[in-house]
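Asks: Just dropping this structure here.
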Amino acid sequence: MLLSIFFFILAGLAEIGGGYLVWLYMRDDKSPVYLLAGAFILFLYGIIPTFQPEASFGKVYAAYGGVFIALSILWGWLIDGLRPDTYDIIGGLVCLVGVYIIMYAPR
């Protein structure tokens, strides 16, 4: 389970971080190096989920969606300075409960 969580977090940081670099290039007139770095990190994001111990692509990506949402809320707070409100926190927690149910609930 810990390895799976590690890969979810790593994939989330790659997706959000790569997308953020592309965002900076497109919206904040940053150097093309930002675009290239963002594109490469997004490429790595596509590979990272293949290391998940779970064999089902659909199950992994369904659960990953919840991790992505929670990490996006944290990114907004830590990088963009947008403090999450009560509903953001509740929504993020609901998503993480969904991750647990999809990936780790007894079958």
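The values are calculated or read from the model by the stated rules, or taken from the named source; none is laboratory data. Keep in mind it's a predicted model, so treat the numbers as computed, not measured. As a convention, Cβ positions derive from the backbone with ideal geometry for all residues, glycine included, and neighbour counts pool all protein chains shown. When the accessible area is computed, the model is the full protein with side chains, heavy atoms only, and any ligands, DNA or RNA have been set aside. Shrake-Rupley method; radii C 1.70, N 1.55, O 1.52, S 1.80 Å.
Asks: With a 1.4 Å probe and every protein chain left in place, work out the accessible area per residue of the stretch 1-97 in Å², rounded to a whole number.
Replies: In whole numbers, the stretch 1-97 has 64 Å² accessible per residue.
Asks: Okay, moving on. For helix 32-47, report the angle its Cα long axis makes with the longest principal axis of the Cα atoms of the chain; keep it between 0 and 90° and round to the nearest 10°.
Replies: Long axis of 32-47 versus the principal axis of the chain: about 10 degrees.
Asks: Does anyone have the angle between helix 2-27 and the longest principal axis of the chain? Alpha-carbon axes, 0 to 90°, nearest 10?
Replies: Taking Cα atoms only, the helix is inclined about 30 degrees.
Asks: Still on this structure, please answer the following. With a/c under 1.5 counting as rounded, go ahead and sort the stretch 1-71 into rounded, prolate or oblate using the C-alpha gyration tensor (a ≥ b ≥ c being the square roots of the eigenvalues; past the cut-off, prolate if a/b is larger than b/c, else oblate).
Replies: The shape class here is prolate.
Asks: May I pose another question? Cut-off 16 Å, label point 7 angstrom out along Cα-to-Cβ of K59: give me the residues of the stretch 1-42 whose amide nitrogen falls inside.
Replies: Output list for this probe position: 1-5, 8.
Asks: Taking a virtual spin label 7 Å from the Cα of L3 along the C-beta vector, which residues in the stretch 42-75 bring their backbone nitrogen under 17 Å of it?
Replies: The answer is 48-57, 60, whose backbone nitrogens lie closer than 17 Å to the label point.
Asks: Right, here's the next one. Let me check against my output: what whole-number percent is the relative contact order of the chain, with C-alpha pairs under 8 Å and at least 6 apart?
Replies: After rounding, I find 28 percent.
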